[in-house]
1. Please state, to two decimals, what the Cα-based radius of gyration of the range 404-525 comes to when divided by 2.2 N^0.38 Å (N = residues).
2. Tabulate in residue order the Karplus-calculated ³J(HN,Hα) for the range 469-485, using 6.51 cos²θ - 1.76 cosθ + 1.60 with θ = phi - 60°, rounded to whole Hz; enter x for Gly and Pro.
3. Can I get the semi-axes of the range 141-269's equivalent ellipsoid? Compute them from the C-alpha gyration tensor as square roots of 5 times the eigenvalues, in angstrom, largest first.
4. ³J(HN,Hα) across the range 270-277 via Karplus (A = 6.51, B = -1.76, C = 1.60, θ = phi - 60°), whole Hz, x for Gly/Pro?
5. Under a point-charge model restricted to the Cβ atoms of Lys and Arg (+1) and Asp and Glu (-1), what is the dipole moment magnitude of the range 228-379 relative to its Cα centre, in debye to the nearest 20?
6. Can you report the principal axis dimensions of the range 292-349 using only the alpha carbons, biggest first, rounded to whole angstrom?
7. Evaluate the range 222-324: find the radius of gyration of its Cα atoms, find its Kirkwood radius, and give the ratio Rg to Rh.
8. At a 1.4 Å probe, what is the % contribution of carbon and sulfur to the accessible area of the range 166-261?
Amino acid sequence: MASTLSVERRPLTSCLLGLYSCRWRRRQGSLVRPGDCCCSKREGAIFAVLTAAFCLTLLFLYFWTQAKNDYNDFDWFNYGNLGFWWAWSLVLLVIAAVFFSYVAALMLLAVCLLSQRQRLSLHWSHKIGVILSLTFAIAATAVMSDLWLLEWLTVRLSFQVTAPYLHVGGVALMTVLAWPVALHFFSMLKKVRRYSILVVYLSILLALYLMPLGMYSPCIRDHNTLGPPPTLFGHRGAPMVAPENTLMAFEKAVEAGCECLETDVTISYDGVPFLMHDHTLRRTTNVDEVFPNHANQVSDMFSWLALRRLNAGAWFLSTDPYGTASSLGAEDRRRAGEQPVCTLLEFLELAARNDKLVIFDLYKPPEGHPYRNKWIERTLDVILHESSIRPSQVLWLRRSFVHEQEVGFQQTSGSAYSINYLQSNNISRLNLHYTSMSVKLISDYAAANITTNLYVISEPWLYSLAWCTGAHSVTTNDPHRLKAMKRPLFLMTPYEYMTMWLVTDVLSLMLVVTIFTFHWRRATRLVDLELHSGLKFSLEGDKYIQLKSEMCDIWSVSSVATPPVGQISDLANPAHLAP
């Protein structure tokens, strides 16, 4: 067990120890004798758990902040299971931030106490909090990995834009930790423990120094090699400023400068193609009020006359799925609250008037539906014979039925097939999930005159990465914000990147050397004092002993006057100190 000294602590140290250990009395023993361990084995295990909790909560918080692009999908998934809409993604973000802030504060207190040679003794209430934080981080990471494994690919992509800045932060953190590491290195008597700590610290620091050698980012490039920004496809219109899949949403997408409009097409019971993403009408209409006995019925089984009675916009104002409804003006709020269900014909006419491309998913009707086997033919009939849109404006995803017909659609694939296969089937566009973005993949297809669209990208950092990667277009929920971007975020030249890397590493190395030199000189100054003053100091091994001034300020026992000079040799030797 580590031995301690009963001391009169400084106010700052008392405050730190009070927050960490809930020991607020000024005369409570906590100072560790030079050469002894900073805590008992039990407290050492608790500190290890605290360190693990800090790392895992940080990992999950980073994971969840980078998943912000897909928060709406997460909330939609929970709606399908729970039956009501709530911003569960933001709730989880707040919980993760609270747990991380709590554990990070305890870690900071522990490091500060170690720098003051205080013995660590975490209060039992904090131990419970640390265990809860660790349990949350493990459980949340495991659940997300099981249900949403694809999101880890998003995290991997995020490193391509954040790694240079994470490198700077990591080096800065390890540089700060040099102080307590150096202090305890020159204090410990056991060489195995001393050099083990030093090796671990220097290994981590060296890995951070060299980490940029393994980094890759398409955004590290000369500015003149950057291509044009990807054009925008409005995902169900502009759903952040208008109810999704309504005429108002598509009008807003046109205003934002979208090149293409994306939607979802379902066939009503009497054969009218209309726009609806969900299989039921509950989330985006007031079907619970108008048809309470049929609210859970699939949308395909309603007649068009019944569908037209529904309000498809009021839900947007009440649930505020993106947290943006409050930003709408009075007129837009009024319009949004009155939006009806939109037909495919109305959608196509709007695209034709504004000369926009269209792309859509077709949902096959359920068993017992009159158009169960004629849904594609009915959709084609509306496109080719009822609307005024040109066939060349249609990006056709489903090749069934039309792959042998010369209808003039732009054949589009949702899978990254080989170039030979795509060319032999006259496929000129790809529509891929954003996690598949790759400079090589996109450039290889572009060389064969095959363009690539990535869906769904709404966060500026992801749009920046797609821009640097060379994507031709992206499907987005937030066309207004992305359209306003003049250049990618995090864009830097190789020279700027190299300069940032070298300056960071050199400054850190200088500070680390300075800190270790400072502590080494403090440890050796006692030898010089002994030679010039004739005082005898007990220096067992490389024991790190405080100077006279520090003894008076830190080690003096409360209610005892500062010892005479002649007694310094006694104070310097821990064997003469009362327990």
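The values are calculated or read from the model by the stated rules, or taken from the named source; none is laboratory data. All figures in this text were calculated on a predicted structure; none of them were measured in a lab. Cβ coordinates were reconstructed from backbone atoms using ideal geometry, including for glycine residues, and neighbour counts include every protein chain displayed. Accessible surface is based on the protein model in full, side chains and every heavy atom, while ligands, DNA and RNA are left aside. Shrake-Rupley method; radii C 1.70, N 1.55, O 1.52, S 1.80 Å.
1. Details: Rg = 23.9 Å, N = 122, 2.2 N^0.38 = 13.7 Å.
Ratio of Rg to 2.2 N^0.38 Å for the range 404-525: 1.75.
2. After applying 6.51 cos²θ - 1.76 cosθ + 1.60, I find 6, x, 4, 7, 7, 9, 8, 9, 8, 10, x, 4, 6, 5, 5, 7, 6 Hz.
3. Values: eigenvalues 526, 82, 32 Å².
One finds semi-axes of 51, 20, 13 Å for the range 141-269.
4. Per residue, the Karplus-derived 3J(HN,Hα) values read 9, x, 9, x, 9, 9, 6, 8 Hz.
5. Values: 15 positive and 21 negative charges, 43 e Å.
Rounded to the nearest 20 debye, it is 200 debye.
6. Here the Cα extents, ordered largest to smallest, are 36, 31, 17 Å.
7. Numbers: Rg = 16.7 Å, Rh = 15.0 Å.
Over the Cα atoms of the range 222-324, Rg/Rh equals 1.11.
8. Numbers: 2930 of 4100 Å².
The nonpolar share, carbon plus sulfur, comes to 71 percent.
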